[in-house]
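A short worksheet on the structure shown next.
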Amino acid sequence: MINKELLRTQSAEFAVELNDEAAERFDIYAKLLVEWNEKMNLTGITHPDEIVTKHFVDSLVVSRYCDLQAGTRLVDVGTGAGFPSIPLLIANPHIDAVLIDALAKRLTFLQAVLDECGLSARLIHGRAEELGRDPRLRETFDIATARAVAPMNVLAEYCLPFVKIGGSLIALKGSDDDVTPAADAITALGGEITLTQAYNLPNGDGRSMAVVSKISQTPTKYPRKNKKITTQPL
Ligand code: SAM
């Protein structure tokens, strides 16, 4: 279904080399995405070349900013149809990935993708702000990542409680998202913005990303309940 050469070339532009097995798994993923999208709302992007660039390569950008070696614990908050975590898992099958989403039916799709691709990850149905208080998850991850979930001050409250000191949050944002207004919120949550970068996808679409390093423990009062987070954002 997908043009594997296009996938390989575009991934290489972001320093990700894909072997045959990975390319085959991306093909399976794309087929399932299009097939399941007919019965549930997963994505507005269905052209194979656009799936490659705007979903797969866009997600793989995360690996430019962290070391995804075997055993690295990564949590994808608000994973939806699996972005960015499933592409990261396909390219780095030995990471220890946890995918979280508030919508249970999306996890049914993700389990099918994992099964068909022969990959393993933990899928958790729930809200980030509740799961971030669970001691089995809190401050246990090397990397938290999220794409298109919430503005940075809200996203930081969802994600930073999961990250252990020394780890980081890598947030994929649109081209005109300025994260600096969230700096005080990030500080309150034990983080520090260490990098922001604007770049273009291979098709020219603009994107930006931010790396937030976890430098101290998140105070136990965070994350707050959803209503507080959205009505009184940090
Ligand atoms: N990250 C995916 C992507 O880039 O394609 C999905 C983006 S979609 C716009 C946002 C997703 O975040 C939805 O699947 C939604 O259910 C989930 N979400 C939003 N807020 C959440 C929260 N507080 N906890 C868990 N999931 C959440």
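Coordinate-derived values only; no laboratory data. Everything quoted here is computed from the prediction, not taken from an experiment. Every residue, glycine among them, receives a Cβ derived from its backbone with ideal geometry; neighbour counts consider all protein chains shown.
For the residues 79, 53, the requirement of being of a type in the set (S, T, N, Q) and crowded, with 23+ Cβ neighbours inside 10 Å singles out 79. Residue count for segment 200-233, restricted to those that are surrounded by 13 or more Cβ atoms within 10 Å (Cβ to Cβ), outside any loop (DSSP other than H, G, I, E, B) and touching a Lys or Arg at 6+ places or on another chain (Cβ under 9 Å): 6. Listed by position, the strands (runs of 3 or more DSSP E) inside segment 89-174 whose residues that are surrounded by 15 or more Cβ atoms within 10 Å (Cβ to Cβ) and in contact (Cβ under 8 Å) with a residue 60 or more places away in the chain number at least 1 are 141-147, 163-174.
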